[in-house]
Amino acid sequence: MKPRDVAQSRAVLEKALYEGRSTLSEHESKDFIRAYGIPVTREVEVRNLQGLREAIDEVRFPLVMKASSPRIAHKSEHGLVRVDIRTLDEAQCSFQDIMSLMGETDGAVLVQEMILGARELMVGLVRDVQFGPCVMFGLGGIFTEVLKDASFRVAPLETRDAFEMTREIRAARILEEVRGLPAADMDELVRILITVGQIGLDHEKVKEIDLNPIIIEGSRPVVVDALVVL
Ligand code: ADP
Ligand code: MG
């Protein structure tokens, strides 16, 4: 990692700790992992309609809009994720809706590119009292909890460990070429797994990371939701 990126990743954590928070917002979490080279959505946080118009120029339709707050962990359960927004009208309505549902005076909305892909995965970091930082890999979205199809490794991960993890889940075949979808970029996926383990070793204060989902767009994995817990 470049020194500038190390400083950037540390600054995000320090800001949250200084404010007495134990969670980073999705946007902060992505800033943090982007500094490590993990691919994330293009996105802008907006607080008013003027900001929304500028964000649309930068991010481009189709969009996803979400509540942006370190206090809200499960956004879709509260109706705070709107996908496939295609017009300025829809974007403005979604903005007003999300802001009023959040009911926070300092609330913000995250405007991000919509990632198109049928395959949703998850990568996580947990700290075990005995083994220290452990990396988790599995199916993403609603399937994480329903199917409990996941593999684990203790950090640091060797390339070989990371490849094995991707093959150990029951659903491993969805990563191959299936039904006209290209095979997932396994080198990039493996890089993400190794990097998440490395973050756990670099930052004692990071208690948990949840990248869920990572959507495979074409063959490229992109993190569309991220949560870092301190
Ligand atoms: P939650 O806080 O509920 O986990 P997410 O940000 O994960 O919220 O969004 C819920 C679901 O919406 C995801 O599992 C995914 O299917 C879809 N989604 C979210 N963001 C995007 C995006 N940028 N592109 C495509 N789909 C998205
Ligand atoms: Mg999520």
> Does Ser100 satisfy the condition of being buried (at least 20 other Cβ atoms within 10 Å of the Cβ) and of a type outside the set (D, E, K, R)?
Replying inline: no
>> Just the residues that are within 15 Å of ligand 2 (Cβ to nearest atom) and part of a strand (DSSP E or B), please, taken from region 126-142.
In response: Met136, Gly138, Leu139
>> Looking only at residues that are touching a Cys at 6+ places or on another chain (Cβ under 8 Å) and buried (at least 17 other Cβ atoms within 10 Å of the Cβ) in region 128-155, which one is farthest from Met186 (Cα to Cα)?
In response: Ala155
> How many residues does region 1-44 hold that are among the hydroxyl-bearing types (Ser, Thr, Tyr), part of a helix (DSSP H, G or I) and over 14 Å from the mean Cα position of the chain (by Cα)?
Replying inline: 2
>> Whether any residue in region 1-8 is at pLDDT below 95 and among the acidic types (Asp, Glu) is what I want to check.
In response: yes
> Residues Ala172, Ala226: which one is within 13 Å of the chain's Cα centre (by Cα) and either of a type in the set (Gly, Ala, Ser) or more than 16 Å from ligand 2 (Cβ to nearest atom) (or both)?
Replying inline: Ala226
> Condition test on Val109, is it touching a Leu at 6+ places or on another chain (Cβ under 7 Å) and either under 13 Å from Val223 (Cβ atoms) or modelled with pLDDT of 95 or more (or both)?
Replying inline: no
> Does Ile209 fit the bill of being in a strand (DSSP E or B) and farther than 11 Å from Glu120 by Cβ?
Replying inline: yes
> Is it true that some residue in region 180-196 is within 16 Å of ligand 2 (Cβ to nearest atom) and either assigned to a loop (DSSP other than H, G, I, E, B) or buried (at least 20 other Cβ atoms within 10 Å of the Cβ) (or both)?
Replying inline: yes
> Scanning for something within 20 Å of Glu28 (Cβ to Cβ) and surrounded by 20 or more Cβ atoms within 10 Å (Cβ to Cβ), does region 156-164 turn up at least one residue?
Replying inline: no
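The values are calculated or read from the model by the stated rules, or taken from the named source; none is laboratory data. None of these values were measured; they are calculated from a predicted model. Glycine gets a Cβ as well: all are built from the backbone with ideal geometry, and neighbour counts include every protein chain shown.
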